[in-house]
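Take a look at the structure below.
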Amino acid sequence: MITSFLLKGFDRRVTFAVLILAVIAVAVPCFNLYLPQSHPLHVPTYLVQLWGKYAAYAMLAVALDLVWGYCGILSLGHGAFFALGGYAMGMYLMRQIGTRGVYAHPILPDFMVFLNWKELPVTWYGFDWFGYAAFMVMFVPGLLAFVFGWFAFRSRVTGVYLSIITQAMTYALLLAFFRNDMGFGGNNGLTDFKDILGYNIQADTTRAGLFFLTVLAVILSLILASAIVNSKLGKVLLAIRDAESRTRFIGYRVENFKVFVFTVSACMAGIAGALYVPQVGIINPSEFSPANSIEAVIWVAVGGRGTLVGAVVGAVAVNWGKTWFTGAFPAYWLFALGALFVLVTLFLPKGIIGTLSSLMARRPAPAGTLNPKPAE
């Protein structure tokens, strides 16, 4: 039953994207680990790390496109789910440091020793076990999304009001995590990670493995999201997006569908955040910044809202542009990002993938192709 459900996710566009991503997931680590640095196809470790970060962003974009592109929920708070998943992974990585920290305390992380904490907070219990941390990576963002969605969607908050509330939620978490007494590192966050599952986090092989796992997670998120939107559930989601009042009038409990897809999307974002943290080596409250959630919306808009594959393309393209632009013109990146969003909205409303799909659909049929006769 689950297999047949997931097979629905392999439409032509997603299948093509999955094949490309699968090749990238295998080729990049191999080119990094097994080709000498003098070889023209050798991929430096810093690029493996950078592209792994792009892949984590791509998974976040897929999660956002699932709720925005197919259910009409414009969330400006998905950065919060991403950051919560990142903090859950960061807490596990901090517990693995042990006596190798600056203060060599066997249990307390360095920042707690510095702040004169005497014992480990309850919120940190269990994070020395990877299985518990992996569970919390999905559970915490999913629980927040479920509770938030339960109240917001049952109150029929929609449109710009819902977007503002999600942004307010993200900002509230930003302020909370900045406080030292929260026990999550305050302004400095969590960093100085040593290893993950016993493997040195700075080693080339670990970097390559994390890249592979992140791209694999993008593939699985694409398949899952595509299976959802191509199922009967997906048809209801599209109906909610296009005519919510009519969908409710014919008997569907709209709020239940919204809560479900919002929670699934939050769990996906949490996993993306967990894969992001060991590759960048730090997680701090700046990840809760509302600007990060707005950037994610721009990724989806540029790639093509309601296409899933477009979310991946948009995330990679915009972040590659950001890497180049902030190096060449660091003071003007935000202006460029705003201009990009305006230009895409005005001249490319379907995004890159949506526009390409429309152009391909308009191509004339090959010569000699017989047009089907109309039914009599």
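Overview of values
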item	result
Set 209, 234, 183: member being surrounded by 15 or more Cβ atoms within 10 Å (Cβ to Cβ) and on the phi > 0 side of the Ramachandran plot	183
Helices (runs of 4 or more DSSP H) enclosed by segment 1-92 - at least 1 residues per element that are surrounded by 24 or more Cβ atoms within 10 Å (Cβ to Cβ) and of a type in the set (Gly, Ala, Ser)	45-71
Selection within segment 72-130 - without any contact (Cβ under 8 Å) to a residue 24 or more places away in the chain and at positive phi	98, 104, 116, 126
Segment 190-205 residues that are over 18 Å from residue 102 (Cα atoms), paired with ones that are open to solvent by 60 Å² or more (accessible area, probe 1.4 Å) and in a strand (DSSP E or B) (beta carbon under 8 Å, 6 or more apart)	205/199
Of all residues in segment 139-163 being under 19 Å from the mean Cα position of the chain (by Cα) and among the small types (Gly, Ala, Ser), the one that is farthest from residue 76 (Cα to Cα)	142
Verdict on residue 242 being in contact (Cβ under 8 Å) with a residue 24 or more places away in the chain, surrounded by fewer than 13 Cβ atoms within 10 Å (Cβ to Cβ) and out of contact with any helix residue (DSSP H, G or I) (no Cβ under 8 Å at 6 or more places or on another chain)	yes
Residue, surrounded by the fewest Cβ atoms within 10 Å (Cβ to Cβ), within segment 268-292, restricted to residues that are under 21 Å from residue 72 (Cβ atoms) and at pLDDT 95 or above	268
Pairs, first under 15 Å from residue 218 (Cβ atoms) in segment 5-16, second at pLDDT below 75, C-beta under 8 Å, six or more apart	none
Residue satisfying all of: in segment 354-372; over 37 Å from the mean Cα position of the chain (by Cα) and open to solvent by 80 Å² or more (accessible area, probe 1.4 Å); modelled with the highest pLDDT among these	364
Flag for residue 320 being open to solvent by 70 Å² or more (accessible area, probe 1.4 Å), under 30 Å from residue 138 (Cα atoms), modelled with pLDDT of 90 or more and out of contact with any Phe, Trp or Tyr (no Cβ under 6 Å at 6 or more places or on another chain)	yes
Residue ID - least open to solvent (accessible area, probe 1.4 Å), chosen from residues in segment 132-169 that are among the polar types (S, T, N, Q) and under 30 Å from residue 122 (Cα atoms)	166
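The values are calculated or read from the model by the stated rules, or taken from the named source; none is laboratory data. Since we're looking at a predicted model, the values are computed, not measured. As a convention, Cβ positions derive from the backbone with ideal geometry for all residues, glycine included, and neighbour counts pool all protein chains shown. When the accessible area is computed, the model is the full protein with side chains, heavy atoms only, and any ligands, DNA or RNA have been set aside. Shrake-Rupley method; radii C 1.70, N 1.55, O 1.52, S 1.80 Å.
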